[in-house]
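Trainee: One structure, as structure tokens, below. Some questions next.
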Amino acid sequence: MSSSQAAGFAATPQLALLPNEAMADEALLVLSTFPDVATARRIARQLVEGRCAACANLLPPVESIYWWEEKVESANETLVLFKTSADRYNALETTLRQLHPYEVPEIISFRIEQSLPEYLKWVLMSCAA
């Protein structure tokens with residue numbers, strides 16, 4: 001018995017997808033940092049309006065400590081969490097690189113392994129070009 005079943009939760013049926021179906025239905029969480037909330041808000045809005053992302057959550061401020069030009073730097077930044085589809089990732093990355101003020105912007109993508117199915121469907125539908 002799994003810990004979920006022991007806690008009284010029903011087992012969630014897993015849907016088997018063919019490799020192409022799995023790729024087409026893949027959702028991603030993409031992280032990027034910005035120098036300030038105004039810049040993050042402007043770029044996030046453009047990415048959502050352009051359907052490169054279904055949603056963007058702005059988390060100001062975060063403190064970043066990093067190596068840059070041979071020395072350790074620190075800065076207050078705004079972290080943005082973008083939810084997108086694998087199909088729209090290239091458009092998101094290309095547009096984000098064009099709009100971002102940093103020479104080397106942080107763009108990190110994670111596959112969403114599990115999600116509320118209705119939310120996943122909403123992300124994928126919202127990003128459909």
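Trainee: Inside the range 112-121, can you point out the residues that are surrounded by 10 or more Cβ atoms within 10 Å (Cβ to Cβ) and within 14 Å of the chain's Cα centre (by Cα)?
Mentor: Ile112, Ser115, Tyr119, Leu120 - these are the residues of the range 112-121 that are surrounded by 10 or more Cβ atoms within 10 Å (Cβ to Cβ) and within 14 Å of the chain's Cα centre (by Cα).
Trainee: Which pairs do you get when a residue that is assigned to a helix (DSSP H, G or I), found in the range 102-129, comes within reach of a residue that is surrounded by 15 or more Cβ atoms within 10 Å (Cβ to Cβ) and of a type in the set (A, V, I, L, M, F, W, C), reach meaning Cβ atoms under 6 angstrom, with the pair 6+ apart or on two chains?
Mentor: Close Cβ pairs (under 6 Å, with a partner that is surrounded by 15 or more Cβ atoms within 10 Å (Cβ to Cβ) and of a type in the set (A, V, I, L, M, F, W, C)) amount to Leu120/Ala27; Val123/Ala27; Val123/Ala54; Ser126/Ala54; Cys127/Ala54.
Trainee: Is it true that some residue in the range 64-76 is among the hydrophobic types (A, V, I, L, M, F, W, C) and either crowded, with 16+ Cβ neighbours inside 10 Å or touching an Asp or Glu at 6+ places or on another chain (Cβ under 6 Å) (or both)?
Mentor: no
Trainee: I'd like to know if the range 77-85 contains one or more residues that are over 18 Å from Leu28 (Cβ atoms), surrounded by fewer than 14 Cβ atoms within 10 Å (Cβ to Cβ) and modelled with pLDDT of 95 or more.
Mentor: no
Trainee: Would you be able to tell me the number of residues in the range 62-107 that are among the aromatic types (Phe, Trp, Tyr) and closer than 14 Å to Asp36 by Cα?
Mentor: 1
Trainee: Here's another thing I want to ask about it. Would you confirm whether or not the range 63-74 contains a residue that is in contact (Cβ under 8 Å) with a residue 40 or more places away in the chain and more than 14 Å from the chain's Cα centre (by Cα)?
Mentor: no
The values are calculated or read from the model by the stated rules, or taken from the named source; none is laboratory data. Everything numeric in this text was worked out from a predicted model, so none of it was measured. When we count neighbours, we look across all protein chains shown, and the Cβ atoms used for this are built from the backbone with ideal geometry, even at glycine.
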